[in-house]
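Q: Sharing a structure with you now.
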Amino acid sequence: MVGEGCGRSRSRGGAGFTLVEVLIAAALTVAVLGAALGVSADVRRALSHAIDDAAVEQEARAALAWIARTVSVAGSNPYGADLTPCAADATPFEALRLDADGNGVDDDVRVQADVNPPNGMLAGRAGECDEAGEDVTIAHDAGARTLTRRDAARDAAPVALTSAIVTGLAFTGFDAAGAPTRAFREIALIRVALTTESRARHSVLGGPVRATHTMDVHLRVR
């Protein structure tokens, strides 16, 4: 009887998982881990897209703020400066020139203002050209997808002010009554439209995110 009792005890104590049970448990573990890792990857992608979109939005807002500061003083000329000796073409003073490059597209504007300091010399004395911000061309470089600045007082060539996120730029002039106009002496407001594109391709959207940011800039001298 003692032997039989011991035998039954060994039989119960030796009971364990069968090979099939172990394989099923391993398969379930792999499935759960795989699902968890898949969710984690989706979360990481979503976070990366959100960060990229926020960075593009912030860069666009900063670009618009700079454009507004530059354009708003256009035409300020208390001492009657008649031309800028620092620009390559030494053109006569003109508050605003829409389509400054003359290609028929209003994606650039040349702004002149005697403000830094106001002294009757636009962009500084000839040979010195040390008064930045008084003769500035703002433009879109479609090839590089950037917003550019060319300041007659300091830039020999256009300088990129953004990363490669700008896919469009448009300037539209309006007179005091709100009617569109290209006559610079009538322009009281410039509407700026800056179109950007995210750097990342969103898996859900199937491509980058595009957005157009607009700002109305009132000219102070009007």
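Q: When only residues in the stretch 127-150 that are out of contact with any Lys or Arg (no Cβ under 9 Å at 6 or more places or on another chain) and loosely packed, with under 15 Cβ neighbours inside 10 Å count, which is modelled with the lowest pLDDT? Don't jump to the end; show me each part of the working.
A: To start, the set of residues in the stretch 127-150 that are out of contact with any Lys or Arg (no Cβ under 9 Å at 6 or more places or on another chain) comprises 127-128, 134, 140-149.
Filter once more, so that each one left must be loosely packed, with under 15 Cβ neighbours inside 10 Å: 127-128, 142-144.
Details: 127: 82, 128: 87, 142: 96, 143: 96, 144: 97.
Among them, the one singled out is 127.
Q: I'm told residue 55 meets every condition in (1) surrounded by 16 or more Cβ atoms within 10 Å (Cβ to Cβ); (2) assigned to a helix (DSSP H, G or I); (3) hydrophobic (A, V, I, L, M, F, W, C); (4) modelled with pLDDT under 95 except one. Can you identify the failing condition by its number?
A: (1)
Q: Let me spell it out: the conditions are (1) of a type in the set (D, E, K, R); (2) under 30 Å from residue 51 (Cα atoms); (3) touching a strand residue (DSSP E or B) at 6+ places or on another chain (Cβ under 6 Å); (4) modelled with pLDDT under 95, and residue 191 meets all of them except one. Which number is the exception?
A: (4)
Q: Let me ask you something else. Counting only residues that are surrounded by fewer than 20 Cβ atoms within 10 Å (Cβ to Cβ), not β-branched (Val, Ile, Thr) and not in a strand (DSSP E or B), which one in the stretch 90-99 is modelled with the highest pLDDT?
A: Residue satisfying both the conditions and the ranking: 99.
Q: Between 166, 192, which is touching a Lys or Arg at 6+ places or on another chain (Cβ under 6 Å), among the hydrophobic types (A, V, I, L, M, F, W, C), crowded, with 17+ Cβ neighbours inside 10 Å and touching a residue at least 40 places away in the same chain (Cβ under 8 Å)? Don't jump to the end; show me each part of the working.
A: Values: 192 fails: touching a Lys or Arg at 6+ places or on another chain (Cβ under 6 Å).
Only one candidate passes the filter, namely 166.
Q: If we scan the stretch 151-169, do we find a residue that is at pLDDT 95 or above, touching a Phe, Trp or Tyr at 6+ places or on another chain (Cβ under 8 Å) and farther than 19 Å from residue 76 by Cβ?
A: Checking the stretch 151-169: at least one residue is at pLDDT 95 or above, touching a Phe, Trp or Tyr at 6+ places or on another chain (Cβ under 8 Å) and farther than 19 Å from residue 76 by Cβ.
Q: Right, something else. What residue, of 124, 75, 104, 80, is surrounded by fewer than 13 Cβ atoms within 10 Å (Cβ to Cβ) and either in contact (Cβ under 8 Å) with a residue 12 or more places away in the chain or closer than 21 Å to residue 159 by Cβ (or both)?
A: Going through 124, 75, 104, 80 in turn, just one is surrounded by fewer than 13 Cβ atoms within 10 Å (Cβ to Cβ) and either in contact (Cβ under 8 Å) with a residue 12 or more places away in the chain or closer than 21 Å to residue 159 by Cβ (or both): 80.
Q: Find the residue count for the stretch 102-148, including only residues that are closer than 15 Å to residue 91 by Cβ, acidic (Asp, Glu) and within 25 Å of the chain's Cα centre (by Cα).
A: Residues meeting the conditions: 3.
The values are calculated or read from the model by the stated rules, or taken from the named source; none is laboratory data. These numbers come from a predicted model, not from an experiment. Virtual Cβ from ideal backbone geometry, glycine too; neighbours counted across all protein chains shown.
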